[in-house]
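The values are calculated or read from the model by the stated rules, or taken from the named source; none is laboratory data. Note that the structure is a prediction, hence the values are computed from the model and not measured. In this analysis, Cβ positions are derived from the backbone assuming ideal geometry, glycine residues included, and neighbour counts consider all displayed protein chains.
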Amino acid sequence: VLQCEIRPFVIIVFIVFFSTAFWEEISGVDEHYTPIRTYQVCNVMDHSQNNWLRTNWIPRNSAQKIYVELKFTLRDCNSIPLVLGTCKETFNLYYMESDDDHLVKFREHQFTKIDTIAADESFTQMDLGDRILKLNTEVREVGPVSRKGFYLAFQDVGACVALVSVRVYFKKCPFTVKNLAMFPDTVPMDSQSLVEVRGSCVNHSKEEEPPKMYCSTEGEWLVPIGKCLCNAGYEERGFAGKCTDMYEYI
């Protein structure tokens with residue numbers, strides 16, 4: 001199966017729903033003869049295509065905002081004869097939030113459109129003959145999300161497209177120690193502001209000035225302010241980020 005991931009790592013199996021011409025799971029090799037599995041659809045000869053593919057339920061974990069990275073190939077319509085007016089060079093990405101995995105019957109209107117996805121590079125019949133894989137990578141941001149999980153869905157409207165991989169992830173500022181203060185894992189709240197985080201002093205230390213840092217939307221710690229100092233009889237050695245008994249090594 002084509003796989004996706006969200007941190008912490010979760011495997012997602014695509015489930016095909018609702019259309020007259022379905023996406024197909026295809027096994028093949030790339031230009032380096034490495035085995036790959038894709039989901040493909042190429043019903044470019046017929047009008048009014050509406051072919052859907054969706055994931056199973058993806059737990060949100062602590063994410064406030066999620067990112068969807070797509071790797072895909074898309075055929076140049078000009079390289080396909082007799083498809084003028086029916087062939088498209090885009091597909092649509094959707095999502096739906098849910099507190100549990102209950103989506104038994106697929107309903108289009110329950111999904112919210114994230115974006116129309118287009119390729120920077122499309123391939124031709126000549127590329128196929130030369131085994132050239134023109135792989136596109138697109139990342140879209142979704143959120144804020146608040147329910148326990150969500151589904152992703154892909155709508156084909158008449159393109160010749162192959163989904164090679166889908167990666168779902170979120171960003172966080174990881175646990176760190178700065179100026180003898182510990183800062184916990186922190187997830188950014190939205191795409192516009194920094195999150196102020198108060199640090200706590202490591203063992204055998206006390207505040208000189210209240211320690212704090214800011215967690216950015218990119219998952220980076222910024223602007224350290226304040227610090228802790230080691231208690232009497234303890235000292236910081238090197239960059240260990242802890243206070244050690246100064247007589248321990250005598």
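Condition check ((1) in contact with a His (Cβ under 7 Å, 6 or more places away or on another chain); (2) of a type in the set (V, I, T)) across all residues:
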| position | (1), (2) |
| --- | --- |
| E207 | no, no |
| S216 | no, no |
| I225 | no, yes |
| N231 | yes, no |
| E235 | no, no |
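Only residues that are β-branched (V, I, T) and part of a strand (DSSP E or B) were counted in region 205-236, giving 2.
The residues listed here are K71, K105; of these, the one that is loosely packed, with under 12 Cβ neighbours inside 10 Å and modelled with pLDDT under 95 is K105.
So E196 fits all but one of (1) out of contact with any Asp or Glu (no Cβ under 7 Å at 6 or more places or on another chain); (2) on the phi > 0 side of the Ramachandran plot; what number is the exception? The failed condition is (2). Give me the pairs: first residue in region 225-250 and in the same structural domain as S200 (by TED's automatic domain parsing), second residue of a type in the set (A, V, I, L, M) and surrounded by fewer than 15 Cβ atoms within 10 Å (Cβ to Cβ), beta-carbon distance under 8 Å, and six or more apart or on different chains, which are they? Hits for this filter: G233/M246; Y234/M246; E235/M246. Scanning region 129-185 for residues that are of a type in the set (F, W, Y) and either surrounded by fewer than 19 Cβ atoms within 10 Å (Cβ to Cβ) or in a strand (DSSP E or B) (or both) yields F150, Y151, F154, Y169, F175, F183. Within the set T186, T176, T244, the sole residue that is in contact with a strand residue (DSSP E or B) (Cβ under 7 Å, 6 or more places away or on another chain), of a type in the set (V, I, T) and at pLDDT 95 or above turns out to be T176.
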